[in-house]
Amino acid sequence: MKKIPFLFQQRTLSGADAVNALRPFYFAVHPDFFGQYPREREVNENSLKRLNGYLDNLQKPGSHSVQPMKLTFYVRDTRDSSDVQADLLTSGFRSVSFTLHTNDILSTVMNVLKSCSLPIEHMSGLKASAEASERPPEAPFYRPIKWDKSYYTFTGFRDPEQELQQARRVEPVLSLWLRNNEPEATKKQKVSLPRREELIRLKKELCHKFYLADIRWQRSWGVAHRCCQLQSLSRLSQQNPEALINLQGHTIVFADQSGMNASGHVMLGTMDVHHQWTKLFEQLSSYRSLLQQTEWLKERISLLLGGTQVIHMERLGPVQLIAEHYSTLSTFHKSLVSRRLRLHPRSLQGLTMLLENDRSNPSLHEMGHFIVPTNCDPPKLQVFLQSQAPEARLRTQRKNQLQVEEDAVVKLCLQNLSLRSLSKEPSVSSSQMILCCKRLVEQRFPLMQGLHICVSHFYSVMQDGDLCVPWDWKN
């Protein structure tokens, strides 16, 4: 039997080799190329974060196995052909789902490339370093990738850097873009008004009838899609009203999968049928018990770490299930209990921290919260927290000040421009939002009056008439 050299010579790839091997994949799924498709962009962003965490875990010393992980990507057609135009996304994209269950980087890279029907010929030139497993974990995989221009000539792939430069060159000024797109946005918004009113009515009705705290959505689905989801839940409530009694006091989130997330919200998978939702409702008492245990663990951890509170931010990454969150807290708590720390009970009061499984060293986020690895050495963690506490307080204070300023300038912008609504994407920081809103108030664009505006990183007219405007729009 003929052997494939690059598959059998070495079963371990270094982080740098893996990045090289996955370049065609990154070109095909990078979120920057899905600016006009927010939902697909968000799916790829979340899946990339999860994939990078999976790969980083494989690089950790002593890592022998990882949990299987199902991923979904929207893959662009990156091959040049005579009938493909030079504009972004004109060649379209396709949805690809696959499950990772490999225990080494090489097999994982091959799995990803093959699942996305991407070429693997370039793998023959890669040779893994024998010392890869002895080196400390490398930086996360989610990083810009640049190849020599000859690569694109040889492979037939389009140069993403060149495409982005072309996109930036043709980016219009805001006033011109509004003049060209306001009629379409107004028309779409007018058509969507009945659906928007129905959405508000259904949400209010369900929250009132079953005493729900709130109803939310994991993704930026359109109004029609959201209405269908609420109508489905409403039908279930009419057919089996007893099933929804257990939802009292909960927040419902329509998401990719059913269950309970780390915040204690009940997730309803949009692809699941009523039977699966009903089964989840019947299990809510068990989920609530697990939620109580996670809260108890957070309290114990806070006592051990001088009052530092463990927090969870849904928008900072993919959805974390309550069972996974409990497991993370339990592992971290056991580590702290095994080593006696000398921290005054209130010395770190008012500070917050996030626990992450795929990190090797603690760090301080620009917004003032600590990011702590689950397997962090307790004595080293104590030194880090105490030394960084003053800076953490300054950053937290700055974050709170920015939030107050952002709320004020958004309110001013809504009033002065007579906007129907003004929101932002999670990836837009408070500083960027403040700058954008101040400039909008100064310029006073009449064509924005009565519209729904979302501050983003790109221009787009959404299916319901919402306008996406880059925070750093050109004047």
Output wanted: per-residue J couplings in Hz (rounded whole) for the stretch 270-276, from phi through Karplus 6.51 cos²θ - 1.76 cosθ + 1.60, θ = phi - 60°, x for Gly and Pro. 5, 9, 7, 9, 4, 4, 5
What nm distance separates the two modelled labels at Glu405 and Ile311, each placed 7 Å from Cα along Cα→Cβ? 1.9
Using 0.36 nm per residue of separation minus the Cα-Cα distance, give me the extension gain between Asp77 and Trp296 in nm, one decimal. 73.9 nm
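Can you tell me the FRET efficiency between Ser347 and Ser429 if r is taken as the Cβ-Cβ distance and R0 is 22 Å, rounded to the nearest 0.05?
Using R0 = 22 Å, I get an efficiency of 0.15.
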A 31 angstrom limit on the alpha carbon distance is what I want to check against. Which of Lys70/Lys298; Lys49/Lys399; Lys187/Lys279; Lys114/Lys279; Lys204/Lys411 exceed it? Lys187/Lys279; Lys114/Lys279
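Heavy-atom accessible area per residue, the stretch 164-267, 1.4 Å probe: how many Å²? Mind showing how you got there, number by number?
On the way: 5540 Å² over 104 residues.
That works out to 53 Å² for each residue.
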Rounded to 5, the percent of DSSP beta bridges in the stretch 233-372 classed as antiparallel: 35
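Where the accessible area of the stretch 178-257 is counted over protein heavy atoms with a 1.4 Å probe, how much of it, in %, is carbon and sulfur? Intermediate results must be reported in sequence, preceding the final value.
Numbers: 2270 of 4460 Å².
With neighbouring chains kept in place, the figure for the stretch 178-257 is 51 percent.
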Between Arg94 and Leu394, what FRET efficiency comes out of the Förster formula 1/(1 + (r/R0)^6) with R0 = 45 Å and r the beta carbon distance, rounded to 0.05? 0.40
Obtain the nm distance between the two label points defined at Ser220 and Asn416 by a simple spin-label model: each point lies 7 Å from its Cα along the Cα-to-C-beta direction. 2.4
Just the accessible area per residue of the stretch 283-380, please: how many Å² with a 1.4 Å probe? 54
Contact order normalised by length for the stretch 227-330, with contacts defined as Cα pairs under 8 Å and 6 or more residues apart; what percent is it? 25
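Using the heavy atoms of the protein chains and a 1.4 angstrom probe, tell me the accessible area per residue for the stretch 398-475 in square angstrom. Show your work: numbers first, answer last.
On the way: 3760 Å² over 78 residues.
With all protein chains present, the stretch 398-475 gives 48 Å² per residue.
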Computed from the beta carbon distance with a Förster radius of 60 Å, FRET efficiency for Cys116 and Arg340 to the nearest 0.05 stands at 0.75
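The values are calculated or read from the model by the stated rules, or taken from the named source; none is laboratory data. This one's a predicted model, so the numbers in the text were calculated from it and none came from an experiment. Here the Cβ is made from the backbone with ideal geometry for all residues, glycine too, and neighbour counts use every protein chain on show. Each accessible area value is taken on the protein alone, full model and side chains, heavy atoms only, with ligands, DNA and RNA left out. Shrake-Rupley method; radii C 1.70, N 1.55, O 1.52, S 1.80 Å.
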